[in-house]
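The values are calculated or read from the model by the stated rules, or taken from the named source; none is laboratory data. All values derive from a computational prediction rather than experimental measurement. Every residue, glycine as well, gets a Cβ built from its backbone with ideal geometry; the counts of neighbours run over all protein chains shown. To get the accessible areas, we keep the full protein, side chains included, count just its heavy atoms, and leave off ligands, DNA and RNA. Shrake-Rupley method; radii C 1.70, N 1.55, O 1.52, S 1.80 Å.
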Amino acid sequence: LFTRGFNQVVLEAYEDARADFNSYTSKHPQGQLAVNARLWNALTYFFERNYAICIEELSALGNLDSRHPLYPEILYRLASTYYSARDYEEALKTISEYIGNFSRHQRIDEARVLQGDILMGHGELDSARASFETVSVEMPELYLYSLFQTGKILRAQEDYPGMADHFQSFLEDETSPKIRVSEALYWLGWAYQQ
């Protein structure tokens, strides 16, 4: 039932997926996959952009013992859903809790990016920049996203020398992924032009 429900999610047949997940949890309320089924059931609402129900279901899962293996994932997903629902206060509070308690979790870099985006939206540009600068180069896509978000912050702060240094450092750093180089060169030139 769980596997079929998961496959229904992949096929974007969310109602059918929920039927399978709910069937599993009603038949096996203490089953090994009961929390997984409840999590994926909540996520089907996220995929449908029904954030209110998703938040309700994830919040109910948030009552789990924080030592449960899925607790950090649930907390991250809850923060992400608050952000998508434009409840930035709750999103920031939840993602800060996640980062403070689960710094070794697999989604930590995604969480730092989310925190940076939320802080940018609040106009807390220095704090957002600090969050973006902690994203690991070992996650190339997230690292590059954070790098260019930092460039936007420097542009908004009209720190053109800082912006030029920022992109110059990226281009000269042999350990950074060499993707979006032409974009970095554009912004480097633009900063010099200012």
- Message: Compute, for the chain, the length of the dipole vector about the Cα centre, with Cβ point charges of +1 (Lys, Arg) and -1 (Asp, Glu) only. Units Debye, rounded to 20.
- Response: 540 debye
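Write down the Å³ per residue value for the convex hull defined by the alpha carbon atoms of the range 63-158. Mind showing how you got there, number by number?
Details: hull volume 8.5 nm³, N = 96.
Looking at the range 63-158, the number lands at 88 Å³ per residue.
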- Note on the structure: Along principal axes, largest first, the alpha-carbon spread of the chain in whole Å comes out as 65, 30, 28
- Hey, which lysines would be in cross-link range of residue 178, C-alpha to C-alpha under 22 Å, not counting anything within fewer than 8 residues on its own chain? 152
- Do the sum for the chain: with -39,500 (n - 2.57) for every DSSP H run of n ≥ 4, divided by all residues, what is the mean residue ellipticity at 222 nm, to the nearest 500 deg cm²/dmol? -23000 deg cm²/dmol
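Carbon and sulfur together cover what percent of the accessible area of the chain at a 1.4 Å probe radius?
47 percent
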- Nearest 20 debye, what's the magnitude of the dipole of the range 1-93 about its Cα centre given +1 on Lys and Arg Cβ and -1 on Asp and Glu Cβ? 200 debye
- the range 1-113: relative contact order from alpha carbon pairs under 8 Å, six or more residues apart, as a whole percent, is 16 percent
- Honestly the range 12-93 on the Cα gyration tensor test (a ≥ b ≥ c root eigenvalues; a/c under 1.5 rounded, otherwise a/b vs b/c for prolate or oblate) is just oblate
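Given a 1.4 Å probe, how much area per residue of the chain is accessible, in Å²?
Working: 10770 Å² over 194 residues.
That works out to 56 Å² per residue.
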